[in-house]
Amino acid sequence: MYLMVPEKNKELHVPIEKEIFHKLEDIKQYHGIKNNTEIIRFLITKEYREIKTSE
């Protein structure tokens, strides 16, 4: 999985195991998310909100 950081023109390479890949696909399907970039944004935002509300 590769994520681009447009401002810095860098890629984030994230090797994932087959089991994790299938879990990501299930999450994408459940939430109607179409690509890996959107799922990463979604999960980061969700975790960030949980952290901020617990502070």
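Each reported figure results from applying straightforward, stated rules to the coordinates on display, with no laboratory input. All of these numbers come straight from a predicted model, not from anything done at the bench. For neighbour counting, all protein chains shown are included, and Cβ atoms are generated from backbone atoms with ideal geometry for every residue, glycine included.
For this structure, a couple of remarks:
- From phi via Karplus (6.51, -1.76, 1.60), per-residue ³J(HN,Hα) for the stretch 32-37 in Hz, x at Gly/Pro: x, 8, 9, 9, 5, 5
- Summing +1 for each Lys or Arg and -1 for each Asp or Glu among the other residues whose beta-carbon sits under 14 angstrom from that of F42 gives +1.
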